[in-house]
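Please read the structure below before turning to the comments.
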2 protein chains.
Amino acid sequence: MKRVEILAVGSELLTPFFLDTNSLFLAGRLNSLGLEVSFKTVVGDDEDDLVLRLEEASRLADLILVIGGLGPTADDRTREAASRAFGRKLISVPEILRRIEDRFKRRGLPMPASNRKQGDVLEGAEVLTNEFGTAPGQWLEWNGKSIIFFPGPPHELEPMFDVHVLPRLEPFRRGYLFHKTLKISGLTESAVEDLMAGLYPVDPALEVTTLAKPGQIEIHLRSLSSAGRQEAESLLRPLETALLARLGENVFSVGGESLEEVVGSLLRSRKATLACAESCTGGLISHRLTNVPGISESFIGGMTAYSNRAKEEWLAVPCEVLVESGAVSARAAESMAAGIRLAAGADFGLAVTGIAGPSGGTPDKPVGLVYTALAWENGVEAVKNQFLGNRDQVKFQSSQKALDMLRRRLLKIRP
Amino acid sequence: MKRVEILAVGSELLTPFFLDTNSLFLAGRLNSLGLEVSFKTVVGDDEDDLVLRLEEASRLADLILVIGGLGPTADDRTREAASRAFGRKLISVPEILRRIEDRFKRRGLPMPASNRKQGDVLEGAEVLTNEFGTAPGQWLEWNGKSIIFFPGPPHELEPMFDVHVLPRLEPFRRGYLFHKTLKISGLTESAVEDLMAGLYPVDPALEVTTLAKPGQIEIHLRSLSSAGRQEAESLLRPLETALLARLGENVFSVGGESLEEVVGSLLRSRKATLACAESCTGGLISHRLTNVPGISESFIGGMTAYSNRAKEEWLAVPCEVLVESGAVSARAAESMAAGIRLAAGADFGLAVTGIAGPSGGTPDKPVGLVYTALAWENGVEAVKNQFLGNRDQVKFQSSQKALDMLRRRLLKIRP
């Protein structure tokens, strides 16, 4: 096995509005076999273009995954193009037609005539059953190349790949992949790089990639072993352990969880309750927390106090705090955190106030200045932050910082 | 001009974690010249693979836009690969080196030796200045093909394209494109299709694409004229007018605005104020509204009343409503809307309560059952909705429905 190509078909994928995302799924599955993707190509529904790219792919790659163009409409030309590119006749398979007719029958509909062509299969190709749609997949062996055709809808492609294709790719396996993602908050990318100094592996079976995302740094770790998945995991462990020792509590997740999921679990395990008071984040912290199923056990509610009036009346922020220090100040943030904690009768009160931009900044209080605060039974603390970026980015980083303050405090409280 | 190919370079674009998004920008710009993209290709940093794909692209396409691989590291091989593919020597250009050194000098740093190779240009290629980074672009004419090399970071590529490339693509122009997007709320995709019956254009210069997105339908209209942009606009107008007449107030935006932006403008122009009470949306409505700059004039604040306690204490929802009808009921939604309106002293109170899932559903009140309510000076109304999808999708559709209720009422109120 030398090269793998993913070829996505569809004119909409060449517009400014759409990207092919099936290739992300397929790349992940191929990686699990130790296979890397060499090329990804997108071509429209033009049959001549499609023939060109199928010929190309079968010249440059050895395993080719073709996505889409198997629908019933006149635009769907993958079957016809493949027939031309590989010199194989299209043969109508009665059994497939029966399956398609059955699908329509179960919904009480006659099969439209246009669907007949979905029963056409390349001569010599093996049919891959589609449990969730009308278009079957096809597996063609041609001149020593394996060319596999998939329908485009992800809910049809993904189970088809996992059930009918993945097990049959075993002979192509180059190894067993194990991967883990460390997510880090509260450190800059360069601080993470400094802490990782000397830990970058020399072993080519280990791979480390550091990604800076808004409000968090991710370290993607991958190991490949020819012996098995457990061996790949063992191979990775010393590096993972060393990284965790260096990065300590800055790592908030090793299993893919988001920060709000981690905070949700910590609250639940400690039977602690939370309420939020938000100004510049405008409900984003609440929104993120309530994306976590089961959070209603711990999350009492939140207030978006966007106006001074709401800050005073809902959160009991004293008027003199707003007048003397302003709504964007450590005092206001602390007062909001204490106020929401009291109003909700919660164990923790989390608050954010700041200037998300694009306007509203002053030399003293520039855009991106955000105070995050946490109130608990015995105290309250506020942190001053200066974030960069547009309104969205400032909102997200602020919510991340606030959730991280809570996470760090929860880690110091035994359940 | 027959075919255009966009070739993106970078091994990270072949992993499960990243997609090339520069091609969306480039496709939009090419479309404005009446040019369609024929192929998009992604290749990793392997020099041999890159040579193969560059040769391929120059064989199949006439205009080739190559993105990335122009950085200073050992991984950046686009220059070397192009040199091999097109048989052109790399020549170090002192003027480029001086520019790069200057960039470092302004930041008080010496230029690392690795950056020297960014001064290398293919023999005969024209240099495209990079105002926002170190790697210049290159424009190579080769065997009647135009091959243009861009740096990968969008903030470097986009201005380089607009300033140095777009004006020079005039000779390739196939026409003038005009496009418009109608965004629709409150109708299903099939209802929109029914209303559009007979309006699909036969003129090949007009193109209509309907997209169903969560909580809204979009109709993308495009027209192409060889005479000019205004002519293209005129060409589209009859269709646009007919569609607007059929779809009426269900169209909430014709200029690209989001529903929260539309609601924000309507509130501002009517000098009306708003507050929200959210249960299952958990702050999402507040979050969406506060993504709109300037919303603080109209948006007083919101409460996420996730617990019954918060509903009673913060929003004055009567205990008997919660006991008799439950928190997910029309009565509770109306009471929340009226409660937040009063608590905030706002003109409008918007409320949502429902079951976002994945658990919490019963036969009587299944997952996806959501009540949205609006309170105003003279009344309150609640709507019962049954949404499909996962937690995220139910939350989003609920927020969309609530914002749309407010939009429709605001449209009936003269400013």
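The values are calculated or read from the model by the stated rules, or taken from the named source; none is laboratory data. Given the structure is predicted, the values throughout are model-derived calculations rather than measurements. Quick reminder, even Gly has a Cβ in these numbers, built from the backbone with ideal geometry, and neighbours come from all protein chains shown. For accessibility, only protein heavy atoms count, side chains too; no ligands or nucleic acids. Shrake-Rupley method; radii C 1.70, N 1.55, O 1.52, S 1.80 Å.
For region A:176-253, what is the largest minus smallest coordinate of the Cα atoms on each principal axis, given in angstrom and ordered from greatest to least?
Projected onto the principal axes, the Cα atoms of region A:176-253 cover 37, 21, 18 Å.
Between A:Asp392 and A:Asp194, how many nm apart are label points set 7 Å from Cα along the C-beta direction?
3.1
Wrap a convex hull around the Cα atoms of region A:259-411, take a quarter of its surface area, and give that in square nanometres. Can you show the working numbers first?
Working: hull surface 32.1 nm².
Result: 8.0 nm².
Using Cα atoms only, what is the angle between the long axis of helix A:259-269 and the major principal axis of chain A, expressed in degrees (0 to 90) to the nearest 10?
70
Nearest 20 debye, what's the magnitude of the dipole of region A:176-253 about its Cα centre given +1 on Lys and Arg Cβ and -1 on Asp and Glu Cβ? Spell out each step's value before the answer.
Values: 7 positive and 10 negative charges, 40 e Å.
Here the size comes out at about 200 debye.
Along the positive direction of the dipole of chain B (beta-carbon charges: Lys, Arg +1; Asp, Glu -1; about the Cα centre), which of B:Phe252, B:Pro363, B:Pro167 reaches farthest?
It is B:Phe252.
Residue by residue through A:287-296, how many Cβ atoms from other chains fall within 10 Å of the Cβ on average? Intermediate values should be presented prior to the final figure.
On the way: counts 12, 4, 4, 12, 7, 2, 7, 3, 2, 6.
Across the residues of A:287-296, the mean count of other-chain Cβ atoms within 10 Å is 6.
Over region B:176-253, with every protein chain in place, what whole percent of the accessible area is carbon and sulfur at 1.4 Å, could you tell me? Before the final figure, lay out each step's value.
Values: 2030 of 3810 Å².
About 53 percent, which is the carbon plus sulfur part of the accessible surface.
For A:Glu170, what accessible area in Å² do you get when you roll a 1.4 Å probe over the heavy atoms of the protein chains, rounding to the nearest 10?
Its accessible surface works out to 80 Å², give or take rounding.
Please list 3J(HN,Hα) in residue order for region B:146-163, calculated via the Karplus relation 6.51 cos²θ - 1.76 cosθ + 1.60 where θ = phi - 60°; whole Hz, with x for glycine and proline.
9, 10, 10, 9, 10, x, x, x, x, 6, 9, 5, 5, x, 4, 5, 5, 7
Looking only at Cα atoms, what is the convex hull volume of region A:4-172 per residue, in Å³?
Details: hull volume 19.1 nm³, N = 169.
Per residue, the Cα convex hull of region A:4-172 comes to 113 Å³.
7 Å from Cα along Cα→Cβ at both B:Phe104 and B:Ser226: what's the point-to-point distance in nm?
5.3
For region A:139-218, what is the convex hull (Cα atoms) projected area averaged across all directions, in square nanometres?
Numbers: hull surface 34.8 nm².
Quarter of the Cα hull surface area: 8.7 nm².
Need one value for B:205-213: mean number of C-beta atoms belonging to other chains within 10 Å of its residues' C-beta atoms.
Numbers: counts 0, 0, 0, 0, 4, 0, 3, 0, 0.
Mean partner-chain Cβ count within 10 Å for B:205-213: 1.
Could you please put B:Cys319, A:Cys280 in sequence from largest to smallest accessible area, using a 1.4 Å probe? Before the final figure, lay out the partial values.
Numbers: B:Cys319 65, A:Cys280 5 Å².
Of B:Cys319, A:Cys280, the descending order of accessible area is B:Cys319, A:Cys280.
Using a 1.4 Å probe on protein heavy atoms only, how many Å² of accessible area do B and A hide from each other, summed over both chains and rounded to 100? It would help to have the intermediate numbers written out before the result.
Numbers: alone 19890 and 19890 Å², together 34480 Å².
Looking at B and A, the buried total is near 5300 Å².
Run the numbers for A:Lys384 and A:Arg174: contour at 0.36 nm per residue of separation, minus the present Cα-Cα distance, in nm. Walk me through the numbers before you get to the answer.
Numbers: separation 210, 0.36 × 210 = 75.60 nm, distance 5.02 nm.
This chain segment gains 70.6 nm when fully extended.
Return the subset of A:Lys89/B:Lys145; A:Lys365/A:Lys401; A:Lys40/B:Lys180; A:Lys311/A:Lys384; B:Lys89/B:Lys145; B:Lys213/B:Lys271 for which the Cα-Cα distance in this structure is over 25 Å, preserving the input order.
Numbers: A:Lys89/B:Lys145 36 Å; A:Lys365/A:Lys401 19 Å; A:Lys40/B:Lys180 31 Å; A:Lys311/A:Lys384 19 Å; B:Lys89/B:Lys145 18 Å; B:Lys213/B:Lys271 31 Å.
The pairs that break the limit, which is 25 Å between Cα atoms, are A:Lys89/B:Lys145; A:Lys40/B:Lys180; B:Lys213/B:Lys271.
Once the Cα atoms of helix A:229-247 and of chain A are each reduced to a long axis, what angle between those two axes, in degrees from 0 to 90 to the nearest 10, is obtained?
With rounding to tens, the tilt is 20 degrees.
With everything on Cα atoms, drop me the angle between helix B:94-106 and the longest principal axis of chain B, reported from 0 to 90° to the nearest 10.
Compared with the principal axis, the helix lies near 40 degrees.
So for region A:91-194, considering every pair of alpha-carbon atoms, how many percent are separated by more than 22 Å? All intermediate terms of the calculation are to be shown ahead of the outcome.
Working: 2652 of 5356 pairs.
Value for region A:91-194: 50 percent of Cα pairs lie more than 22 Å apart.
Any chance you could list P(r) for chain B, counting all Cα-Cα pairs in 10 angstrom bins from zero, rounded to whole %?
Once binned at 10 Å, the Cα pair distances of chain B give 4, 18, 20, 18, 18, 14, 7, 1, 0.
For A:Ala191, which inter-copy label distances result when the label point lies 7 Å beyond Cα on the Cα-to-Cβ vector, reported in nm to one decimal and in ascending order?
A:Ala191 label point versus its equivalents elsewhere: 5.1 nm.
I want the antiparallel fraction of DSSP beta bridges within region A:4-172, as a percent rounded to 5.
Beta bridges within region A:4-172, antiparallel portion: roughly 40 percent.
With all protein chains present, calculate the accessible area of A:Thr353 using a 1.4 Å probe and round the result to the nearest 10 Å².
0
Show A:Glu278, B:Glu207 ordered by accessible area, largest first, where the area counts protein heavy atoms only and the probe is 1.4 Å.
Details: A:Glu278 0, B:Glu207 80 Å².
Putting A:Glu278, B:Glu207 in descending order of accessible area: B:Glu207, A:Glu278.
Once phi is turned into ³J(HN,Hα) by the Karplus curve 6.51 cos²θ - 1.76 cosθ + 1.60 with θ = phi - 60°, what whole-Hz value does each residue of region B:345-352 show in order, with x for glycine and proline?
Taking θ as phi minus 60°, the curve returns x, 9, 6, 10, x, 10, 9, 9 Hz for region B:345-352.
What whole number of Å gives the distance from the Cα centroid of region B:2-53 to the Cα centroid of region B:191-219?
Each part's Cα centre sits 29 Å from the other's.
222 nm [θ] for chain B, helices only, -39500 (n - 2.57) per DSSP H run of 4+, per residue, to 500?
On the way: 13 runs with 147 residues, N = 415.
Calculated at 222 nm, the ellipticity per residue is -11000 deg cm²/dmol.
Using amide H atoms built in the peptide plane, which far-off residues or other-chain residues are under 5 Å from A:Phe348 H to H?
When sequence neighbours closer than 5 places are left aside, the close amide H contacts are A:Thr273, A:Leu274, A:Ala275.
Quick one: Cα centre-to-centre distance for region A:233-295 and region A:296-330, in angstrom?
Comparing the Cα centres of region A:233-295 and region A:296-330, I get a distance of 25 Å.
Let me know the charge dipole size of region A:89-132 about its Cα centre in debye, to the nearest 20, where only the beta-carbon of Lys, Arg (+1) and Asp, Glu (-1) is charged. List each step's numbers first, then the result.
On the way: 9 positive and 7 negative charges, 60 e Å.
The dipole magnitude comes to about 280 debye.
For region A:141-188 and region B:122-160, what is the centre-to-centre distance using only Cα atoms, to the nearest Å?
35
For the modelled label position 7 Å from the Cα of A:Ser114 along Cα-to-Cβ, which residues of region A:1-34 have backbone nitrogen atoms closer than 15 Å?
Counting only backbone N, you get no residues.
Name the residues whose placed amide hydrogens come within less than 5 Å of the amide hydrogen of B:Gly10, ignoring near sequence neighbours (fewer than 5 apart) on the same chain.
Placed amide hydrogens put B:Val43, B:Gly44, B:Asp45 under 5 Å from B:Gly10.
Quick check on the protein assembly as shown: what are the equivalent-ellipsoid semi-axes from the Cα gyration tensor, as sqrt(5λ), descending, whole Å?
Those come to 46, 35, 30 Å.
Across peptide B:166-176, how many C-beta atoms of other chains are within 10 Å of each residue C-beta, on average?
Details: counts 0, 0, 0, 0, 0, 0, 0, 0, 0, 0, 0.
Partner-chain Cβ atoms within 10 Å, mean over residues of B:166-176: 0.
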